[in-house]
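Read through the structure below, which is laid out as structure tokens, and then see the notes.
The values are calculated or read from the model by the stated rules, or taken from the named source; none is laboratory data. Note that this is a predicted model, so its numbers are computed, not measured. Glycine gets a Cβ as well: all are built from the backbone with ideal geometry, and neighbour counts include every protein chain shown.
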Amino acid sequence: MKPLGRFLPTPTLSLVLLVVWLLMARSVAPGQLLLGAFLAVGIPLLTRRFWDPLPPVRHPIKLAWFVLVVLYDIVKANLQVSLLILTPRREPHPGFVEYPLEVKEPLTITLLANTITMTPGTVSTNIRLDRSSLLIHVLDMREEQALVQEIRERYERPLKEIFEC
Amino acid sequence: MTFYVIAEGVIAFLLVAGGIFAFTGSLGMLQFKDFFMRLHGPTKGTTLGIGCVLIASMLYFTITQRELHVQELLITLFLFITAPVTGHMLAKTGLHMHLRFLTSTRGSVPEFRDEDVGQSRVARPAKARHPWRSRQRRRRP
């Protein structure tokens, strides 16, 4: 969302803070609403200087779809890893893959790295400081190229569309 | 009446499933052979395990107390933010400490360039300006 005047530089963050406050207080009484609104305006103003400017969300619907895909993949990842743990006879083939990054914004790279860690058999391990590539540890690797292709098509492209262009 | 029986069944199923997932995630620590593989268990198995338990908790309290309980969503949110970051930091530390990994591991760890290791090359953020005295300071030169 675009900034709204002087007192709401990041409306999305303010909204999230308000919702979190109401969830924690577990009521929508006027007093809680007022206190929550005060915090939602105050905290971003106080902490604004710590942050880089965040890129705006361009396609909220695609973002929602992306979240659903990732949730589905998390469930799938859990089942796969659990199966792998519970069948000790099957030897997994671990490996390191260097994944060349297409996205360049810090926020998108963070989201991509987090997504990779949460999804099937992969943990993001190291990122080059020049943001050129991400090192991934794979629990059970079959085809290196196929894996890179899958991550690019499934996670990186949507993130790039949502946040960058 | 049947509604409560079904709800009870669903909640019980979720609790048991959550327990099993959390357990296998921890079992992975024992089962796998090197540090990097062990990371996979806690970052994944545990997430779904706790997710199942939280959904069960939401359902149970919503049904028994007849009002919406959603603050468990906050736990999920914090968990989804912190678990991958912790995993990443652990893995990165492992790399920098040159921990041994299985020889059958395919691919190789890249050589670190100087800027990746970051000895005294950490990018320093620009000096913060004082919130209200910044104007005076700018005038001086």
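Those strands (runs of 3 or more DSSP E) of segment A:93-165 in which 1 or more residues are surrounded by fewer than 16 Cβ atoms within 10 Å (Cβ to Cβ) and over 15 Å from the mean Cα position of the chain (by Cα) occupy A:95-100, A:133-138.
Inspect segment A:1-9 for any residue being part of a helix (DSSP H, G or I) and farther than 24 Å from B:THR76 by Cα and give the result as yes or no. Taking every residue of segment A:1-9 in turn, none turns out to be part of a helix (DSSP H, G or I) and farther than 24 Å from B:THR76 by Cα. With respect to the conditions (1) of a type outside the set (A, V, I, L, M); (2) modelled with pLDDT under 60; (3) within 28 Å of the chain's Cα centre (by Cα); (4) part of a loop (DSSP other than H, G, I, E, B), B:GLU115 lacks only one, and its number is (4).
Restricting segment A:67-90 to residues that are surrounded by 12 or more Cβ atoms within 10 Å (Cβ to Cβ) and more than 20 Å from B:PHE80 (Cα to Cα), the residue that is farthest from the other protein chains (Cβ to nearest Cβ) is A:LEU84. Going by the conditions given, is A:THR47 out of contact with any strand residue (DSSP E or B) (no Cβ under 8 Å at 6 or more places or on another chain), surrounded by 15 or more Cβ atoms within 10 Å (Cβ to Cβ) and more than 19 Å from B:LEU77 (Cα to Cα)? Here the answer is no, as A:THR47 does not meet what is asked.
Criterion first (within 30 Å of A:GLY95 (Cβ to Cβ) and not aromatic (Phe, Trp, Tyr)) does B:GLY25 satisfy it? Against the criterion (within 30 Å of A:GLY95 (Cβ to Cβ) and not aromatic (Phe, Trp, Tyr)), B:GLY25 qualifies.
Output yes when any residue across segment B:1-22 is at pLDDT below 80 and within 8 Å of chain A (Cβ to nearest Cβ), and no when none is. Within segment B:1-22, not a single residue is at pLDDT below 80 and within 8 Å of chain A (Cβ to nearest Cβ). Would it be correct to say that A:ALA64 is assigned to a helix (DSSP H, G or I), farther than 15 Å from B:ARG38 by Cα and at the interface with chain B (Cβ under 9 Å from one of its Cβ atoms)? Considered against the rule, which asks whether it is assigned to a helix (DSSP H, G or I), farther than 15 Å from B:ARG38 by Cα and at the interface with chain B (Cβ under 9 Å from one of its Cβ atoms), A:ALA64 comes out as no. May I ask you to verify whether A:ARG152 is of a type in the set (Lys, Arg) and closer than 20 Å to A:GLU105 by Cβ? Criteria met by A:ARG152. Looking across B:VAL53, B:VAL109, B:VAL70, B:VAL85, one residue alone is at the interface with another protein chain (Cβ under 9 Å from one of its Cβ atoms) and at pLDDT 80 or above. It is B:VAL85. Taking each residue of segment B:88-100 that is under 12 Å from A:SER124 (Cα atoms) and looking for partners that are assigned to a loop (DSSP other than H, G, I, E, B) and not charged (D, E, K, R) with beta-carbon atoms closer than 7 Å, six or more apart or interchain, yields B:LEU90/B:LEU39; B:ALA91/B:LEU39; B:LEU95/B:VAL109.
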